[in-house]
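To start, the structure under review is shown below, and the notes come after it.
The values are calculated or read from the model by the stated rules, or taken from the named source; none is laboratory data. Remember, it's a predicted structure, so these values are computed and weren't measured experimentally. Don't worry about glycine lacking a Cβ; one is built from the backbone with ideal geometry, like all the others, and counts go over all protein chains shown. These area figures cover heavy atoms from the full protein model, side chains too; ligands, DNA and RNA do not enter into them. Shrake-Rupley method; radii C 1.70, N 1.55, O 1.52, S 1.80 Å.
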Amino acid sequence: MKPSSGSPTPMLHQACRENGTTGHAADMARALALAALLLQPAVAQTLPELPGSAVEPAPSAEAPPTEEVIVAAPEPRYVAPTLRDRIGRVWAPVYVNGEGPLRLVLDTGATNSAVTAEAAARLGLPLEGANTVLLRGMTGEARVPFVEVGSLGIGDLSIEPARVLVVQDAFGGAEGVLAARGLSNRRILIEFRKDRIEIARSKNLRAPPGFTTLPIRLIRGHVPTVQAIVGNTPVRAIIDTGAQQTTGNLALRELLLERRRLEEKADKLIGVTGDIQEGPTSRVPPIYLGNVKVANAHITFIDLYIFKYWRLTDEPAIMLGMDVLGVLDTLILDYRRHEMQIKLVR
């Protein structure tokens, strides 16, 4: 099914756990229930290669010394209402037609920005008789209304005009999402420990000293992916700042099970469309992003609807959520340079 306007089908990737509650309160409870599962930064260090060490090196003969972060604490340690919410996602202050700001979750995996119906009403956006479009979320699809606005603004970024979808409140306290679409030639800088976010024009600068740089490939021209390793298994990793937790496809789970036993628990994800998908959650071997090692991470294994839409069910793939990305000190996505630049806490 195509959107009524003929434009590319929009996607939003908010998802949360199902906890059995119903109604509007359920949307909040489902999202906030993830807080106990999100795992925030604890330790960052350079690991020397020691004889007989139990540390798993990334499978590269010429790899530099691996830096390690351990996913540990159950609640965010560094929180500011303008940057990160209770479930670890990045908030951006966004102006709609010069009004606001609204607290929108920065979502590098979404194609279209969206606001809640309540936020749309507060801004006076005309919804009566609005056209609809097919929305593709993490777990399913649904038709939702959309409105055309004069501008979306954050920092020196202004998207004019812009299409904004209007969805039910499934964002756990945020007022919608800011999609990364339209950020070509832009640079997103997130400094988690300084509670700072910046979206500006890329000056095509190399990464500062102390950063690890990974080339990114874009799915459908805007969704960033990098090559990563889970244990000894190469994977394609989607960088999704709008996702609370990390998910992996079943192809990855099968390869991991060939090498080790996984302690799994049943789990469910509910997406912004209300669709639910079920799958097991397990602690996994270390995740390597270049020479950065993330230990004690958990992955929920589901062949998500969006994996199928992106044709990522046959090769091992993960969608890195804020439970992993949030352990970093600094995350830079430079769309002009096609690079992700990351730095650990020192």
Place a point 7 Å from the Cα of residue 205 in the direction of its beta carbon; the residues of the range 180-199 whose amide N falls under 19 Å from it are 184-199
Descending packing, highest mean Cβ count within 10 Å first, for 309-321, 259-271, 103-115 is 103-115, 309-321, 259-271
Ordering 281-287, 151-157 by per-residue average of other C-beta atoms within 10 angstrom, highest first, gives 281-287, 151-157
Karplus-derived 3J(HN,Hα) from phi for the range 183-194 (6.51 cos²θ - 1.76 cosθ + 1.60, θ = phi - 60°), whole Hz, x at Gly and Pro, runs 9, 4, 6, 10, 10, 9, 10, 10, 10, 5, 6, 9
Accessible-area order for 338, 222, largest to smallest, probe 1.4 angstrom, reads 338, 222
Taking every alpha carbon pair in the range 293-346 and sorting the distances into 10 angstrom bins from 0 up to the bin holding the longest one, the percent per bin comes out as 18, 39, 38, 5
With x for Gly and Pro, the residue-by-residue ³J(HN,Hα) of the range 237-250, computed from phi through the Karplus equation 6.51 cos²θ - 1.76 cosθ + 1.60 at θ = phi - 60° and given in whole Hz, is 10, 8, 8, 10, 6, x, 9, 6, 10, 8, 10, x, 7, 6
Using alpha carbon positions and the Kirkwood radius, the Rg to Rh ratio of the range 127-216 is 1.04
The pairs in 265/343; 203/308; 203/343; 268/293 lying past 30 Å Cα-Cα in this model are 265/343; 203/308
Expressed in angstrom and rounded, the centroid-to-centroid distance over alpha carbons for the range 188-213 and the range 243-316 is 27 Å
Quick calc, the range 243-346, dipole around Cα centre from Cβ unit charges on Lys, Arg (+) and Asp, Glu (-), nearest 20 debye, gives 360 debye
Applied in sequence order to the range 210-215, the curve 6.51 cos²θ - 1.76 cosθ + 1.60 (Karplus, θ = phi - 60°) yields integer Hz couplings, x standing for Gly and Pro, of x, 9, 9, 10, 10, x
The extension gain from residue 315 to residue 254, computed as 0.36 nm times the residue separation minus the Cα-Cα distance, is 20.9 nm
